[in-house]
């Protein structure tokens, strides 16, 4: 009786700039947590520039991680890219999966002689070199339907797949909401609005801050918490001070207790000018929170206006104000939207289904 043939795991290299705080980085963590013990695959991770906030959490997965410490915007980057190519060749990697490196990732795979998957995380006007990078990829995965449609304008549809963002549904914990709020120095009777993301123009926090100036006139107990860091931090702090909203808005910086914060809020708000499919929206849905989001990118894929949340036009301050006030004053609507959002999340956006689809894409190529 012959011995059964056991297929050797396919060696996959995951490439991204760093493990800094962001939706793409968190998605990579979720994917690797789920797939790291899958006998069909063997993973290694390459961080081109630096470690980042999530580096230690990544290392705890027991996956080999290479940090290349490439200098930003320097010709010395070419040497690092050459070293990565040589490593991929030498170690027998069979597939390169790239995140946030749209213009260079597929070229590294090409010169290493291996196929490349590039995940597109944003619905933006991709530049010339990014378009070249997508065209050179074996497969481009859009993180939502709108992103995939955008890419199809310059990449053959046969080379495009859709892989919706997803997260692990954390067990609901009994969190004493008002205790958390008190610890932050916020009055216990406050109406807590929350938004999470990088402090950049993309996220539209300047619009949300201006909207709060109108909201607090009608609801003086409203408090907005913004979690994240970024280049616009000082500008936003100045705006808060200029509008005399210091008592109503807190910039929390980088937050690690994301789930506790979401559980503690009354409303979750996404006010982005452009988006892919935000991980933070999925997190708010998983916690059954009423959501307001802008009608951009992949937001309408998950926020069905009047059913799983409220959609407003991007950069429309008055519509945002009206939506916030409407939800604050209608507790029945809050509950209905929140429960519908949780139901949709459980049906379509859990990490298990996402990773099985990703595994099918991997198997199709290698």
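Of all residues in segment 116-135, how many are in a helix (DSSP H, G or I) and either within 19 Å of the chain's Cα centre (by Cα) or surrounded by fewer than 18 Cβ atoms within 10 Å (Cβ to Cβ) (or both)? Let's see the steps before the verdict.
From segment 116-135, those in a helix (DSSP H, G or I) are 128-135; that's our starting set.
Now drop any that are not either within 19 Å of the chain's Cα centre (by Cα) or surrounded by fewer than 18 Cβ atoms within 10 Å (Cβ to Cβ) (or both), which leaves 128-129, 131-132, 135.
Summing the residues that are in a helix (DSSP H, G or I) and either within 19 Å of the chain's Cα centre (by Cα) or surrounded by fewer than 18 Cβ atoms within 10 Å (Cβ to Cβ) (or both) in segment 116-135 gives 5.
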Worksheet, complete the sentence: Here the residues within segment 336-361 that are more than 19 Å from residue 304 (Cβ to Cβ) and more than 21 Å from the chain's Cα centre (by Cα) are 360
Worksheet, complete the sentence: (1) under 26 Å from residue 366 (Cβ atoms); (2) surrounded by 22 or more Cβ atoms within 10 Å (Cβ to Cβ) all hold for residue 100 apart from (2)
Worksheet entry | Matching option when the condition is outside the structural domain of residue 200 (by TED's automatic domain parsing), over 20 Å from the mean Cα position of the chain (by Cα) and closer than 17 Å to residue 352 by Cα, among 60, 40 | 40
Discussion item. Anything in segment 70-84 that is within 28 Å of the chain's Cα centre (by Cα), closer than 15 Å to residue 103 by Cα and part of a helix (DSSP H, G or I)? List them, or say none.
Written reply: 77, 81
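The values are calculated or read from the model by the stated rules, or taken from the named source; none is laboratory data. Everything numeric in this text was worked out from a predicted model, so none of it was measured. Heads up, the Cβs are rebuilt from the backbone with ideal geometry, glycines too, and the neighbour counts pull from every protein chain shown.
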